[in-house]
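What follows is a set of notes on a single structure, which appears directly below.
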Amino acid sequence: MEGQGCITPASLGRMLGRLGAERGAGDCRAMICRFDLDGDGVLSLDEFKIMMS
């Protein structure tokens with residue numbers, strides 16, 4: 001999270017990298033797009049929970 005209460009493609013990429021699952025910027029944008037229910041380009045906590053379930 002970027003201190004905004006949401007997960008951006010950049011913060012998702014950093015988090016995945018720390019977990020040893022590095023992904024490119026395009027992959028991170030695609031992952032977020034798939035679960036971004038309100039279309040704002042970032043994941044809220046609720047959208048992130050859905051992605052992780």
Would you pick out the residues in region 29-53 that are more than 18 Å from Gly5 (Cβ to Cβ) and at pLDDT below 95? Met31, Ser53
Of the residues in region 12-38, those that are of a type in the set (A, V, I, L, M) and either under 10 Å from the mean Cα position of the chain (by Cα) or part of a helix (DSSP H, G or I) (or both) come to Leu12, Met15, Leu16, Ala25, Ala30, Met31, Ile32
Would you confirm whether any residue within region 15-24 is surrounded by 15 or more Cβ atoms within 10 Å (Cβ to Cβ) and in contact with a strand residue (DSSP E or B) (Cβ under 8 Å, 6 or more places away or on another chain)? no
Quick one: Gly41 ticks every box in (1) in a loop (DSSP other than H, G, I, E, B); (2) loosely packed, with under 11 Cβ neighbours inside 10 Å bar one, so which box is it? (2)
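The values are calculated or read from the model by the stated rules, or taken from the named source; none is laboratory data. Just so you know, these numbers come straight off a predicted model, no measurement behind them. Here Cβ is always computed from backbone atoms with ideal geometry, including for glycine, and neighbour counts include all displayed protein chains.
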